[in-house]
Structures are given as C-alpha cells and as structure tokens.
1. Taking the condition of being more than 10 Å from the ligand (Cβ to nearest atom) and surrounded by fewer than 21 Cβ atoms within 10 Å (Cβ to Cβ), how many residues in segment 207-229 meet it?
2. For segment 93-104, which positions are outside any helix (DSSP H, G or I) and either farther than 14 Å from residue 55 by Cα or within 16 Å of the ligand (Cβ to nearest atom) (or both)?
3. Do we have residue 13 as surrounded by fewer than 24 Cβ atoms within 10 Å (Cβ to Cβ) and in a helix (DSSP H, G or I) here?
4. Can residue 246 be described as modelled with pLDDT of 95 or more, surrounded by 20 or more Cβ atoms within 10 Å (Cβ to Cβ) and within 15 Å of residue 353 (Cβ to Cβ)?
5. Does residue 89 satisfy the condition of being within 13 Å of the ligand (Cβ to nearest atom) and assigned to a helix (DSSP H, G or I)?
6. I'm trying to understand the selection: among the residues of segment 105-159, which are away from the ligand (no atom under 16 Å from the Cβ), in a strand (DSSP E or B) and out of contact with any strand residue (DSSP E or B) (no Cβ under 7 Å at 6 or more places or on another chain)?
7. Looking for whichever is surrounded by 24 or more Cβ atoms within 10 Å (Cβ to Cβ), closer than 30 Å to residue 260 by Cβ and touching a residue at least 12 places away in the same chain (Cβ under 8 Å) here; the options are 61, 117, 52. Which one fits?
8. Which residues, taken from segment 327-338, are crowded, with 22+ Cβ neighbours inside 10 Å and more than 20 Å from residue 156 (Cβ to Cβ)?
Ligand SMILES: Cc1cc2nc3c(=O)[nH]c(=O)nc-3n(C[C@H](O)[C@H](O)[C@H](O)COP(=O)(O)OP(=O)(O)OC[C@H]3O[C@@H](n4cnc5c(N)ncnc54)[C@H](O)[C@@H]3O)c2cc1C
C-alpha cells in the first residue's frame, strides 16, 4: 500500500477545502441555528464534480477513484456534517449502488443525471419500527402487470424533502416477509413525481441541523418494473452492498470531524489562559489533544485501507465496518473533549465545537449503530459470519490516479 496521495488527490483535497471554507464555513453557524438546508450548495458541489465523484465518466461522473470520495468526505465534514451527508446518500448509498446493480437503462435514466447533479438521490431503508433490524421493515411491493404497487413508510431519511429519486426497499414475497427471510425483499428506484409519494422534514432533530432529514410516505405508488434494481429477492443484498459504500463515506467524514475538533482545540488551548499560563500547557489538556491526534491518524488509516481495497475491486465489508465504527466512536470522544477544552464557551454555539458534539452522535447511530458494528466484528473473529461474493461488486478503478 502506498501511503502517499497523488497530485490529483491533493488537488481535489485542496479544492474541496477551499470551496467549503469559502462558501459554507462563514455561514454554517447561521444555517445550523436556523435549521436551513441550503439547496444552492448543490449546483456548486456539482460543478466541482462532487456529485458524480467515483462514478465513471461514461455515466456522467468525474471518474475519480474511491480514495477521492473519502478525501472529499473528510474535507466536507471538517466544515459541517450536513455537507458530507449529501455525498453519503447521493453517491455512496445510491449512485454507486446503481453503478454496480443497475441496468444500462437505469444508469442512463437515473445514474447519469445524478452524477451530473441534475437530480439528487437518497436511500430509503429505515422505517418507524425497523432500523438495525432491517428484516423488520413493513413496506410491501405487490406486482400488478408490468408495475409494482408499493405501500409503506420510511423514517429518518436524509434529504427526504430534497431528493428526486429514492432507492426504496420493500417485501415482494409476503410469505418470506412473515418468515423474515431476506430473500423476499427487493429494491426499487422511486421518483418523487410518482403519484402517491410524499415526504416531510423531521423538525425536532437536534443535530446536523443544516441538513435535511425526514420521512417518506408511499401510498400505493405504482413503480414500473424497469425500476426494479437487481433481481426480485435481491433487495437485502443490495441494501448491505449500499451500506458498504455509505459506511465508507461516514468513516472518512467522521475522520474530518476529529480533525476539526483537534484544530479548534489547539487554537483555543493557545489562546485561553488559566493560572497565568495557556491552558495548552496543562498536562490534562495536552492529553486530550494528543488523543485527538492519535484517533485522527488511526481513523484515517482505516478508511484509507478500505478505499484502497475498493480501488482494487476487493471485498471490504469487514474493513469498512471497522473504519466506520472506529472513526465515529473516536469522533464522539474528540467532540466531547473539544467541548471540555473550551470550558463554558464549548457549551455555547458561539464556538463550533458544540455543533461538532451534536453532529457526531448521528454518525454513531446511522449506517449500523456502534453495537451492530461491535457484533459484526466479533462475529467475524468468532467465525459466526463470513462474507460471500456478491453477484455484483463495486467495479475496481481502471485508471488509478
Ligand atoms: C441523522 C440520521 C440520518 C439518517 N439517514 C438515513 C437514511 O438516509 N436512510 C435510511 O434508511 N436510514 C437513515 N437513518 C436511520 C438509521 O440508519 C437508523 O436510525 C439506525 O440504523 C438505527 O436504527 P434505529 O434508530 O431504529 O435504532 P434500533 O435499531 O431500534 O436500535 C436501538 C438501540 O438498540 C441497539 N440494538 C439493536 N439491535 C441490537 C442487537 N441485536 N444487539 C445489541 N444492540 C442492539 C442499537 O444499537 C441501539 O442502541 C438515519 C438516522 C439518523 C439519526
């Protein structure tokens, strides 16, 4: 493994850093305070190539490798989690899934406009009564001629009120639904414009306030059979595949959040004095800052390894899960300590660390809670779980930078 980033990677890192620092950082406090998702950022992200990053050029994307996707996520979350969430759902969970599992017709109709940022996409798995337990979803899709009629409700969906297309998971086999046999689940592309589709925003959320999170209602939504992704019965596998890509973006993003906590803490520790000295010269403060650095470097190595495996077209569920679990847990430690280092000022939104503290918790919960990831890692070690090759895998990167 080569630990050096290429010039192309550095350039991307630099341009995302400059854009987010210039266009979002000065306004993020206000966007967060007013719970505003700023749609005007989407065309700007599209013109930077971010909305089609890691999607091959033949499908309208930027054709960058998977490390580039991680680097962009790290830089975006350095400024605010809401920016990284856009890449997580639009690119990680949705577009890369269509790239691997979609038909050529689906790629032409959905992946290309998504990669070009003309359409925004998200991922609809979670429901009011089923999150970790994805087999517990209640949404059903009933075949009727050349269409599927989908009825159900999705909850806690990022970009629920923003996205044009949603990858929706539903039971197509009612017997298997009763038996909780995941081979009875299927995946569909559902457009916002389909009759019977509606959405709303969750207004009581207390983190990622500059992001949009909501619910979807599917009231006998007729979906043409051409919008079935993969084969009937492959929905659960597709959801797990999508999470391999989404978790990668979450891991890289949480790593950016640790760096943001570290930088804010270092700056404050050099400026604030107690007992006649900068607080940075107190050993217990140094300890917290040093831990942020070790967590940052370790989290970064873990997501880089996962991206490197993706570039090589190798299975990475185990490594990506570990990267996501470690980075999000470490980001929670870093944000807690950053608030502590800021004293009472950390308890106020005048400083960014309070926002980091609120934002980091979401990532510990979504895309597999901490507990689910612990179980996964232990099960690999105990031999209770192994990854079998999937019918469709993420394509290796042909032209590495
Ligand atoms: C900000 C935000 C954005 C989100 N965006 C999306 C999105 O775009 N699309 C989408 O589909 N979903 C999304 N989610 C939903 C998210 O994926 C779920 O919240 C998550 O999977 C956890 O499910 P749950 O909330 O139902 O918790 P539960 O599954 O009910 O878990 C509750 C608690 O029980 C624990 N637990 C559950 N099962 C076990 C077990 N077997 N062993 C040990 N402990 C267990 C959990 O770890 C947790 O601590 C989002 C959530 C948030 C907060």
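1. Final tally of qualifying residues: 8.
2. Result: 103, single match.
3. Against the criterion (surrounded by fewer than 24 Cβ atoms within 10 Å (Cβ to Cβ) and in a helix (DSSP H, G or I)), residue 13 qualifies.
4. No.
5. Yes.
6. Matches in segment 105-159: 143, 144.
7. After ruling out the rest, the residue left standing is 52.
8. Hits for segment 327-338 are 327, 330, 334, 335, 337, 338.
The values are calculated or read from the model by the stated rules, or taken from the named source; none is laboratory data. Here the structure is a predicted model, which is why all the values come from computation and not from measurement. Positions of Cβ are generated from backbone atoms using ideal geometry, with glycine treated the same way; all protein chains shown enter the neighbour counts.
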